Amino acid sequence: MSAQLDQLTAQAANDPDSLETKEWLDALEAVIENEGTDRAHYLMERLVDLARRRGAHIPFSSNTAYVNTIPAHLEAHCPGNLEYEERLRSWMRWNAMAMVVKANRADGDLGGHISSFASLANMLGIGFNHFWKAPSDNHGGDLLYIQGHSSPGIYARAFLEGRISEEQMLNFRREVDGKGLSSYPHPKLMPDFWQFPTVSMGLGPLMAIYQARFLKYLHARGIADTEARKVWVFCGDGEMDEPESMGAIGMAARERLDNLVMVVNCNLQRLDGPVRGNGKIIQELEADFRGAGWNVVKVVWGPGWDTLLSKDKDGILQRVMMETVDGEYQNYKAKDGAYVRKHFFGKHPELLKMVANMSDDDIWRLTRGGHDPHKIYAAFKNAQENKGTPTVLLVKTVKGFGMGKSGEARNTAHQTKKLDDEAIREMRDRFNIPIPDDKLAEIPFFKPSDDAPEMKYLHERRQALGGYLPQRRQKSDETLIVPPLSSFKAVLEPTAAGREISSTQSYVRVITSLLKDASLGQRIVPILVDESRTFGMEGLFRQIGIFNQQGQLYEPVDKDQVMYYREDKAGQILQEGINEAGGMSSWIAAATSYSSNNRTMIPFYTFYSMFGMQRVGDLVWLAGDIRARGFLMGGTAGRTTLNGEGLQHEDGHSHIIAATVPNCLPYDPTFGHEVAVIIHDGLRRMVEQQEDVFYYITIMNENYEQPGLTPGTEEGILKGMYLLQPGGEAQNRVQLIGCGTILRESIFAAELLKNDWNVAADVWSAPSLTLLARDGQDCERWNMVNPEAEQRVPYVTQLMQNTSGPIVATTDYMRLFAEQIRGFMPKDRTYKVLGTDGFGRSDSRVKLREFFEVNRYYITVAALRSLADEGKIAMSVVAQAIAKYGIDPNKPNPVTQ
């Protein structure tokens with residue numbers, strides 16, 4: 001007998017007054033029987049409270065016994081035709097297996113997963129047949145975040161439904177020719193099928209939480225009726241170790257997201273081995289979620305265990321269940337009934353007596369709760385009807401259920417994608433698949449005729465729930481009118497003499513104008529992460545309010561101020577606190593609302609640029625996959641603009657990261673009019689044309705005069721570059737390219753070149769070096785594969801080929817940023833790049849630009865050196881400039897500092 005059992009037994013034996021204990025327990029039983037569990041709970045809470053107030057030390061525990069949360073006599077039984085459902089489920093198991101195995105017999109490198117769906121099949125079947133509603137005229141549709149590795153089973157279901165062809169099944173993971181199926185849920189690749197990418201572990205749970213809150217937001221603001229809709233998210237127990245999986249569960253409880261159901265598939269295994277071999281993952285997760293305030297429903301044991309538990313008068317079975325660790329449970333399902341009898345029931349003589357009349361096969365058929373339709377249905381129904389709190393279902397299953405010795409409950413289950421003929425035969429026999437022996441080697445898909453009763457039932461169930469899932473809406477039915485560019489007049493005109501503002505202030509003026517717009521105003525979703533005052537956006541607090549389902553239950557300390565902190569049940573701002581991952585998840589929910597809710601929303605997520613792309617890069621990549629539409633606004637951007645903050649805050653590479661996402665359109669504008677033109681273009685493309693792109697726009701908090709929009713430069717702003725300031729006439733000439741605040745250093749350098757060295761400098765504003773590079777790459781590719789067609793000329797080449805002199809590009813980012821366009825400079829032209837490679841540090845902007853060698857003096861020297869390299873001036877002139885501007889030639893390279 002284990003030490004834990006010894007301790008529990010000793011406690012019972014040391015009861016100083018067992019009769020009194022029995023009287024208390026009998027009294028509690030009477031209350032439960034006559035007045036119900038709620039009354040019993042109330043009395044227990046009062047007793048514990050009294051004991052604590054009288055000084056008793058009663059440790060808190062958020063765990064319950066290792067049994068099903070819903071007792072057998074309180075279970076809601078599944079109303080479906082379980083015989084049909086079992087057959088359908090078996091056919092789906094077979095077809096999912098056949099799809100993966102066929103793919104890997106043809107090409108052994110394609111991969112695929114069988115075991116995850118094998119453990120989830122019952123849960124997915126109950127959900128699809130009885131709970132999950134598709135979008136219809138009277139229901140917006142439930143939202144499903146499906147465990148990514150179970151995608152073969154979802155395809156197998158859609159195949160039976162007739163939504164996926166056999167040709168597609170045969171081309172699983174063969175997508176290049178346009179006939180295949182994506183490996184995992186990817187809306188980018190299957191835009192009418194998958195809604196949410198989930199296979200980057202942890203992002204599904206995080207996104208689902210903020211999606212559920214966004215549904216509440218839409219409902220509270222009267223934009224969409226979402227009251228009857230649910231968000232269901234499936235994740236693995238191993239996935240819960242990802243910080244993103246658990247990081248927002250407190251928020252879900254605080255926000256009372258009773259429209260959220262998280263289903264954790266507790267098959268006790270991750271990719272390499274047990275999730276908690278020496279512990280109990282279900283108990284661990286129960287404590288976490290119950291402690292956070294969730295409704296926790298455990299589905300641990302199948303119906304065969306109910307009979308045994310009813311005989312467990314002394315609680316010995318429950319004690320053994322509790323003391324057995326997950327590594328042992330995994331082992332039981334990898335072995336057989338005889339092994340379970342010896343190693344589980346053999347832990348106590350009374351348990352051996354309990355199963356004495358059961359055969360080894362009977363013991364083996366004692367299933368886990370996640371493989372019983374009635375247990376699952378009861379848990380799903382509880383989640384569906386629960387009010388006031390989010391629900392988590394902790395469902396115990398067997399990984400690779402039905403795969404037999406080839407994978408069932410084995411550490412290799414996740415990687416198993418090639419089954420031998422014997423394993424395939426065993427699976428056919430276990431699930432009664434009507435495939436003859438002589439066809440087994442072909443591993444044919446099985447699909448009965450459309451008039452088979454099971455097939456009729458399959459379609460009837462989905463029709464009763466509004467249609468088929470998963471499905472994805474590609475375009476919103478709404479038509480919203482974008483205001484003309486002239487509506488941003490306040491930032492299109494030059495600032496008054498002596499008046500200086502930042503590009504961030506210009507952005508705030510654009511937002512303010514949009515909020516007043518009759519068509520778009522209510523669809524603007526400002527998202528902030530506790531830096532509103534940094535960006536000068538605190539004025540929005542009072543103007544449109546911060547969304548909070550409880551409203552504002554207190555008087556804010558700054559109520560006497562014009563811009564006081566106002567929370568409101570119908571507030572428009574989503575204030576996420578110090579939480580970039582949450583802000584990005586809210587942005588994704590809003591940026592895909594056109595698809596998820598048939599409501600076009602326009603999110604502006606404003607954040608420290610250093611804490612955007614770098615911190616939530618995985619979510620940014622996902623935003624591209626999910627076809628998000630919206631604006632990401634990187635504030636205080638650039639390595640040298642955020643003076644004083646130092647290494648962790650100064651961003652010199654967010655544009656490098658943004659460039660990796662193909663449908664992200666990145667801009668680093670300098671002036672307010674450029675910000676306005678870019679945002680207006682985004683509205684036109686994403687709202688009017690419903691194009692699946694999103695914008696990353698960096699803005700700065702450095703104040704300077706604004707020149708205003710020169711008519712005719714709009715196209716150049718959007719394409720990535722335009723001539724801002726011609727340089728006049730001189731014997732020698734250079735071209736200076738810049739963006740962000742460093743463009744102004746190029747402007748000042750042009751003055752130095754003219755006044756000190758008689759060199760004319762044309763100054764080019766390049767709001768998007770990345771778009772210039774993409775255009776150049778596109779032209780280069782076209783020319784390579786179309787050698788006899790008219791050759792295309794990149795836009796930046798067209799601009800530069802009619803100029804003369806060396807070209808110097810300077811940015812507030814790593815040199816790699818401007819290096820993107822080197823290959824598209826006209827032939828035989830010198831191209832020099834300056835950038836801010838290295839770690840940031842605290843100091844003034846002037847000192848930082850000197851340190852990183854991107855100020856006006858270094859730009860001037862770079863231009864002169866380029867002229868000297870071309871033989872236009874003597875090297876001595878460069879040396880004179882270095883001395884004149886006080887540049888230390890022995891200064892260490894900033895990259896090394």
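The values are calculated or read from the model by the stated rules, or taken from the named source; none is laboratory data. Quantities reported herein were computed from a predicted structural model and do not represent experimental measurements. In this analysis, Cβ positions are derived from the backbone assuming ideal geometry, glycine residues included, and neighbour counts consider all displayed protein chains. Just so you know, the surface numbers come from the protein's heavy atoms only, side chains and all, with ligands and any DNA or RNA stripped out. Shrake-Rupley method; radii C 1.70, N 1.55, O 1.52, S 1.80 Å.
Here is how the numbers come out for the structure above:
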read-out	value
In the stretch 451-491, the residues that are without any contact (Cβ under 8 Å) to a residue 12 or more places away in the chain and of a type in the set (Asp, Glu)	ASP451, GLU460
Qualifying residue in the stretch 653-674 (condition: more than 24 Å from ALA818 (Cβ to Cβ) and in contact (Cβ under 8 Å) with a residue 24 or more places away in the chain)	no
Search result, residues across the stretch 64-82 that are open to solvent by less than 50 Å² (accessible area, probe 1.4 Å), over 21 Å from LEU366 (Cβ atoms) and in contact with a Phe, Trp or Tyr (Cβ under 7 Å, 6 or more places away or on another chain)	ALA76
Filter result for the condition that a residue is surrounded by 20 or more Cβ atoms within 10 Å (Cβ to Cβ), touching a Ser or Thr at 6+ places or on another chain (Cβ under 8 Å) and either polar (S, T, N, Q) or within 27 Å of GLN474 (Cβ to Cβ) (or both), over THR534, THR600, THR592	THR600
Only listed residue being of a type in the set (Val, Ile, Thr) and closer than 20 Å to HIS653 by Cβ, chosen from THR896, THR860	THR896
GLN147 being touching a residue at least 60 places away in the same chain (Cβ under 8 Å), open to solvent by 10 Å² or more (accessible area, probe 1.4 Å) and closer than 23 Å to GLY111 by Cβ	yes
Residue in the stretch 339-356 that is in contact with a helix residue (DSSP H, G or I) (Cβ under 8 Å, 6 or more places away or on another chain), closer than 25 Å to HIS149 by Cβ and surrounded by 18 or more Cβ atoms within 10 Å (Cβ to Cβ) present	no
Filtered residues of the stretch 465-510 (kept if exposed (fewer than 13 other Cβ atoms within 10 Å of the Cβ) and among the hydroxyl-bearing types (Ser, Thr, Tyr))	THR479, SER486
Complete set of residues in the stretch 612-632 that are touching a Gly at 6+ places or on another chain (Cβ under 9 Å) and not charged (D, E, K, R)	GLY612, MET613, VAL616, VAL620, ALA623, GLY630, PHE631, LEU632
One residue from ASN295, ASN267 being under 23 Å from ARG341 (Cβ atoms) and open to solvent by less than 40 Å² (accessible area, probe 1.4 Å)	ASN267
Matching helices (runs of 4 or more DSSP H) fully within the stretch 778-875 where at least 3 residues are within 18 Å of ASP762 (Cβ to Cβ) and either more than 37 Å from the chain's Cα centre (by Cα) or of a type in the set (S, T, N, Q) (or both)	795-801, 856-869
Every pair of residues 6+ apart whose Cβ atoms lie under 8 Å, when the first sits in the stretch 723-740 and is among the acidic types (Asp, Glu) and open to solvent by 10 Å² or more (accessible area, probe 1.4 Å) while the second is assigned to a loop (DSSP other than H, G, I, E, B) and modelled with pLDDT under 95	none
When residues of the stretch 865-887 are limited to those that are over 19 Å from ARG849 (Cα atoms) and hydrophobic (A, V, I, L, M, F, W, C), the one most open to solvent (accessible area, probe 1.4 Å)	MET875
Residue ID - surrounded by the most Cβ atoms within 10 Å (Cβ to Cβ), chosen from residues in the stretch 820-858 that are free of Cβ contacts under 8 Å to residues at least 12 places away in the same chain and of a type in the set (Asp, Glu)	GLU850
Residues that are among the acidic types (Asp, Glu) and open to solvent by less than 10 Å² (accessible area, probe 1.4 Å), drawn from the stretch 648-688	GLU650, ASP651, ASP668, GLU674, ASP681
Residue tally, condition touching a strand residue (DSSP E or B) at 6+ places or on another chain (Cβ under 7 Å) and under 13 Å from ILE697 (Cβ atoms), over the stretch 488-513	3
Flag if VAL176 is more than 17 Å from VAL264 (Cβ to Cβ), of a type in the set (Val, Ile, Thr), at pLDDT below 95 and open to solvent by 10 Å² or more (accessible area, probe 1.4 Å)	yes
Number of the condition not met by GLY712 [criteria: (1) open to solvent by 10 Å² or more (accessible area, probe 1.4 Å); (2) assigned to a helix (DSSP H, G or I); (3) without any contact (Cβ under 8 Å) to a residue 60 or more places away in the chain]	(2)
From the options LEU753, LEU718, residue that is in a helix (DSSP H, G or I), within 27 Å of HIS673 (Cβ to Cβ) and open to solvent by 10 Å² or more (accessible area, probe 1.4 Å)	LEU718
Test set (1) at pLDDT below 95; (2) within 26 Å of GLY222 (Cβ to Cβ) - SER585 fails condition number	(1)
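Results for (1) within 30 Å of ILE626 (Cα to Cα); (2) polar (S, T, N, Q); (3) within 36 Å of the chain's Cα centre (by Cα); (4) modelled with pLDDT under 95, shown as yes or no for each residue.
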| residue | (1), (2), (3), (4) |
| --- | --- |
| THR416 | yes, yes, yes, yes |
| ARG428 | no, no, no, yes |
| GLU442 | no, no, no, yes |
| ASP451 | no, no, no, no |
| GLU454 | no, no, no, no |
| LEU458 | yes, no, yes, no |
| GLY466 | yes, no, yes, no |
| GLN474 | yes, yes, yes, no |
| SER487 | no, yes, yes, no |
